[in-house]
Amino acid sequence: MEKAAPALKPEEQDVADPRALVAAARTGDPAALAMLYRRFADTAMAVAYRLLLSRADAEDVVHDLFLGLPEALRKYDERGALAAWLKRVTVRLALSRLRSPSRREVALEEAHAVTTVPADPAGRIALSEALAALPASLRTVLVLKEIEGFSHAEIAGLLGISKGASEVRLHRALRTLRRALSEEG
Amino acid sequence: MRWFAWRRRDLAEFAEAIRPELAELPVPEAGEDLLERILASRRSGARVILPHGDALGSRSGLRAAIAIAAALLLVAVFSRVFRPVGDEALAAGESWFAGAVAVAQPPGTPLPPVLVDAADRIRPMTVRLARTIRTGDGAVTSRVEVRIGIEPATLDGRAVWRVVSSQTNDAKAAQSVDTALVARADLRTLRNVAHESPYRSFSRINISQWLDGPRFMGEMSAERDGKVVAHRTFDRRLPPEAGPFVPQPLALLFLMGVSLHPGWRGSMSLLGWAVRDDNVFVPIRLRVEAEETIRVPAGQFACWRMVLEHSGRRQHYWVRKSDGLGIRLIDSTDTRIKGVREVVLIAD
């Protein structure tokens, strides 16, 4: 089910300044953590889900992200945007989970279990399936580059590969995806 | 969909066409129930160390070459990196009973394996302990507080306990979190994940372990400046006669699941990081020596006084009679430190 970013509750409006929220969250204040969650958890969930294609695994990533956030924020220097910082941490958590053999295997049913009410159901399910069928190494680069907007240099840093390898993987991912969709079409 | 019209064209154009379609694929929402789960985890004392979130620069050829050289150097010194170390504020792979070393060795005279027959005594709880090292004249040279939380969880549909041991050293900006998942029915270890930050010359080390029958598998990654610079996997066999195998976070809680009595004795093993061959597990022999009432910062308790033997060392260990929680440990036989190591319960 698609969902827009939830609006802040009235009592939260007066602490809309992210710096105030961060300062409060650093102390472990549950209310501040809850506000950060309501602001950023959907984005984190989306990033994690796109990389893991598993709701359960994505929820575990978001759980860990906010569980460790108060302590991690103590090292956050506020030089960059909080949203971008959280996104990078989420990606790292998801990639770590992707490498873990304990994570649940993704069932295709789950891969498009959330693809409800699309404008073009058949096409969207085909796209979901084609994406899920990509090898994880290719899908990861595709998601990070084409959906999440990371540069190849950033992807290289995240994955511990060279920039060239990231470019090659994206090329292969697109080629594979195009072939799959052509066959589907 | 638009991409059907583009599918035979150039890949770049295909990417351009498919990008919005990919972005529009629906994703699950982060609901209030997940928030409740997070807040409950924090209330229980569970913590994790998050990975680095700093922006990443470009990876130039020079930096890549330096990284390769560093990797080669790392291989050369790898065995030195994971050499067991002496006691530190946050020592590598710190073990409750064995200090900072867990040496795999064959068990001595066989004792019956510890039988978990009272697993239902385990309950959600949070305890705080202090680990100190005192010199002969009583001066404290090292003191670290550790929090251990235990809460119910599920793993692949199986009822488990999640046991989280965490400690921080603000002065050194150091943090250590060790999380174990054990079966609720028999306390069998299923998963264990340890993070230490920093770890020696690394900004962070991650150890992930999972057990499947006699197989003890896992991986290690060490990070520097947010990048993984060392990675190793392992797949070991645990000898059944050395079991049960207890993960570090559960060490002081494990006997809560065991019925002790005068004359009781048994053997078990503490799991190490298992990255090195000599750091897989340490067999421990335990026996009840006496009944004694002692006072620790958390209060006065009737205890089983036990003797623990391992690695040529002998420790005294007090287990609370009411629930089996380890509340005091004294070790004066560790020749690598100049003093006495003591663990006491501060609060529960």
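Which of the residues belonging to region B:1-23 are modelled with pLDDT of 80 or more and at the interface with chain A (Cβ under 8 Å from one of its Cβ atoms)?
B:11, B:14, B:15, B:18, B:19, B:21, B:22, B:23
For residue B:310, which of the numbered conditions (1) open to solvent by 20 Å² or more (accessible area, probe 1.4 Å); (2) in contact with a Leu (Cβ under 9 Å, 6 or more places away or on another chain); (3) not charged (D, E, K, R) fails to hold?
Condition not satisfied by residue B:310: (1).
Report yes if residue A:93 is within 19 Å of residue A:157 (Cβ to Cβ), buried (at least 24 other Cβ atoms within 10 Å of the Cβ) and at the interface with another protein chain (Cβ under 7 Å from one of its Cβ atoms), otherwise no.
Yes; evaluated as a whole, the condition is true for this residue.
Across region A:1-52, which residue is modelled with the highest pLDDT among those that are of a type in the set (Lys, Arg) and in contact with an Asp or Glu (Cβ under 7 Å, 6 or more places away or on another chain)?
Selected residue: A:19.
Picking from B:258, B:319, which residue would you name as being surrounded by fewer than 23 Cβ atoms within 10 Å (Cβ to Cβ), over 18 Å from residue B:192 (Cβ atoms) and in contact with a Gly (Cβ under 8 Å, 6 or more places away or on another chain)?
Going through B:258, B:319 in turn, the sole match is B:258.
If we keep just the residues of region A:149-185 that are of a type in the set (A, V, I, L, M) and closer than 26 Å to residue B:224 by Cβ, which is farthest from the other protein chains (Cβ to nearest Cβ)?
It comes out as A:168.
Of the residues that sit in region A:17-76 and are of a type in the set (Val, Ile, Thr), in a helix (DSSP H, G or I) and more than 7 Å from chain B (Cβ to nearest Cβ), which one is nearest to residue B:42 (Cα to Cα)? Talk me through it step by step, then tell me what you get.
Within region A:17-76, the subset of a type in the set (Val, Ile, Thr) is A:22, A:27, A:43, A:47, A:61-62.
Retained after the next criterion (residues that are in a helix (DSSP H, G or I)): A:22, A:43, A:47, A:61-62.
Now drop any that are not more than 7 Å from chain B (Cβ to nearest Cβ), which leaves A:22, A:43, A:47, A:61.
Working: A:22: 17, A:43: 21, A:47: 23, A:61: 15 Å.
Going through the qualifying residues, I end up with A:61.
Report, by residue number, each residue of region B:274-292 that is open to solvent by 10 Å² or more (accessible area, probe 1.4 Å) and either among the acidic types (Asp, Glu) or at pLDDT 90 or above (or both).
Once the filter is applied, which keeps residues that are open to solvent by 10 Å² or more (accessible area, probe 1.4 Å) and either among the acidic types (Asp, Glu) or at pLDDT 90 or above (or both), region B:274-292 yields B:277, B:278, B:285, B:287, B:288, B:289, B:290, B:291, B:292.
Need the failing condition index for residue B:182 against (1) within 14 Å of chain A (Cβ to nearest Cβ); (2) touching a residue at least 12 places away in the same chain (Cβ under 8 Å), just the number.
Checking residue B:182 against (1) within 14 Å of chain A (Cβ to nearest Cβ); (2) touching a residue at least 12 places away in the same chain (Cβ under 8 Å), the one that fails is (1).
Of the residues in region B:202-226, how many are touching a residue at least 60 places away in the same chain (Cβ under 8 Å) and of a type in the set (Ser, Thr, Tyr)?
The total comes to 1.
Does residue B:213 qualify as being closer than 29 Å to residue B:121 by Cβ, surrounded by fewer than 16 Cβ atoms within 10 Å (Cβ to Cβ) and small (Gly, Ala, Ser)?
Numbers: closer than 29 Å to residue B:121 by Cβ: yes; surrounded by fewer than 16 Cβ atoms within 10 Å (Cβ to Cβ): yes; small (Gly, Ala, Ser): yes.
So residue B:213 fits the description; yes.
Scanning region B:161-177 for residues that are closer than 21 Å to residue B:348 by Cβ and out of contact with any Gly (no Cβ under 9 Å at 6 or more places or on another chain), which turns out most open to solvent (accessible area, probe 1.4 Å)?
That would be B:168.
Which residues, counting only those in region A:129-148, are of a type in the set (Asp, Glu) and either more than 9 Å from chain B (Cβ to nearest Cβ) or outside any helix (DSSP H, G or I) (or both)?
A:129, A:148
The values are calculated or read from the model by the stated rules, or taken from the named source; none is laboratory data. It should be emphasised that the depicted structure is a prediction, and the values quoted were computed from it without experimental measurement. A quick note on method: Cβ atoms are made from the backbone with ideal geometry, for glycine too, and the neighbour counts reach across all protein chains shown. Heads up: the accessible areas ignore ligands, DNA and RNA and are worked out on the full protein's heavy atoms, side chains in. Shrake-Rupley method; radii C 1.70, N 1.55, O 1.52, S 1.80 Å.
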